[in-house]
Structures are given as structure tokens and as C-alpha cells.
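In what follows, a structure is listed as C-alpha cells, so that the remarks can point back to it.
The values are calculated or read from the model by the stated rules, or taken from the named source; none is laboratory data. Here the structure is a predicted model, which is why all the values come from computation and not from measurement. Reconstructed Cβ throughout: ideal geometry from the backbone, glycine too, with neighbour counts over all protein chains shown. Just so you know, the surface numbers come from the protein's heavy atoms only, side chains and all, with ligands and any DNA or RNA stripped out. Shrake-Rupley method; radii C 1.70, N 1.55, O 1.52, S 1.80 Å.
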Amino acid sequence: MEWNTVRGADVILLPGARTGRDPARSIKRGPSRLPPAVVAATQRERLLDGLVHTVAEHGYRHATVSDICRAAGVTRPVFYELFSGKEDAFLAAHRFGTGVVIRRMAAAFAAEPDWCAGIRRALEAMLQLLAGVPAFATMAVIEIEAVGPAGRREREQLLKRFRAFFAEVPQLPCGVAVEALVDAVVGGVHSAVYRRVNSGRTAELPQLLTALSLFCLAPFLGPAEAARRLGLGPESDGSAAES
């Protein structure tokens, strides 16, 4: 992963962070001085926000294009100018939003001096982002399953990007496949996040930080060393775990 390409990630909002009918993005009727490309981009953003809120509320299967357009304040003809259908719009929202999450994680990771601290800060960024926009968390983590094969491919691509954070893991004993262990760790993190979001406890995601950090480091460093590196040992004052 190119860690030097993540500048500016903090200024980009997740889909669902605003309502589709946000007055600040309204386009007045009649002649407009806004270039067509700007109008289209604004309408697309509003539709992505509307989709996220609609899917989070009704579920992917029960959400309709009319529901999405109503939530966005955008007409159906405009929707079909921008997307081929509900699945296309959903995947666009998922790709854009998870891209924001990964870039924010990468920026946090790159700001730390070593891999252990970087993993913890990357996890912290992810958990805080998802907790802050629960509608997106529901749409991206839970409802992606309802999309079918295309959704599963998107999720696999996301987990592949998450695996990039483990490129610097220490060497393991002979015979232990690093790739298989990384896959297990990444899957475990996803499962823990899924359970919280699926049970309606998205706001509690930041509480998983210490456990997930230890879970990510222990297989490669050993439990004792992982705890020490995270500031969880008996000689620690606990500040690292609580920050």
C-alpha cells in the first residue's frame, strides 16, 4: 500500500454522514450557473447518502429506487442517468465509503513509528469512523451480504486491502504460513465488527480497540510481547490502552 497517497483523507465524509436532503447541497430550480458536472456530482453524492440511510433503515432487499430518490431529493430519471440500478448504486456507495475508511486507516498507520503502533492506530481510525456513521456501518458491513455474488466480491476486495496492513509482520516459525495466519486475523476482526453492528451496538465499536489490537499482534509477537507493546503489561500505567 502506498502510505504517501493518503493525505486529505480526513476531509472526505462517509456516505450516510449527511442526509440526502441536506439543504446545503440543494440545487435551485431554473437556470443554474453551476456547471453540469458539478450538478451531477452533487446529485450523485446525495443519492449515495440517500441509499445508505434507506438501506440501513429498510434493508437492501426491501429498499427501492423510489425510496432512495425520495431520501436524496433526486428524481428517478436522474438516478438512472447516474446508476444502472439499485445494485450499481449500492456498490458505488460501498466502494467510495470503504475507500474513505481504508485511506483514513492508512493515514493513521503511516503516522506511527512502527508496525505495532500503526496497527493499533489504524484499528482505532476504523472503529471510530464506523461508530460515527452507524447507517454506513450497517449498509457496508451487514447489508453487503444481501447483494449476492457482487457484494461478496466487494467484501473480499475490502479484506484484501485490509491485509496490506500486515505486510510488515515478523517472521513466523518454520512451517507456519504467514498468509494463512493473516487471513485468519483479518477474518476475526471483521467478525467482531460484524457482531457489534448486527446487534445494534455500533456506537460501542471503539470499545473493541484493545482486544482487537491484541488479537492482531499476538499471533506474530506472542501474547506477552504483544501486551507489552500495547502498554498492557504489569509495568504499564495503562495509558496506551486507554488512549
For L172, state whether it is under 16 Å from L91 (Cα atoms) and free of Cβ contacts under 8 Å to residues at least 60 places away in the same chain.
no
Residue among V100, V141 that is β-branched (V, I, T), in contact (Cβ under 8 Å) with a residue 12 or more places away in the chain and either under 14 Å from G59 (Cα atoms) or not in a helix (DSSP H, G or I) (or both)
V141
Evaluate the following for A203: is it in a helix (DSSP H, G or I), modelled with pLDDT of 95 or more and either of a type outside the set (D, E, K, R) or under 17 Å from Q128 (Cβ atoms) (or both)?
yes
Can you spot a residue in the range 1-10 that is among the acidic types (D, E), at pLDDT 70 or above and open to solvent by 40 Å² or more (accessible area, probe 1.4 Å)?
no
Might you let me know whether the range 113-135 holds any residue that is over 20 Å from E225 (Cβ atoms), over 13 Å from the mean Cα position of the chain (by Cα) and open to solvent by 10 Å² or more (accessible area, probe 1.4 Å)?
no
Could you tell me which residue of the range 43-102 is most open to solvent (accessible area, probe 1.4 Å), considering only residues that are more than 17 Å from I142 (Cβ to Cβ) and in contact with a Pro (Cβ under 7 Å, 6 or more places away or on another chain)?
F96
Matching entry among Y80, Y60 (being at pLDDT 95 or above, at negative phi and over 25 Å from the mean Cα position of the chain (by Cα)):
Y80
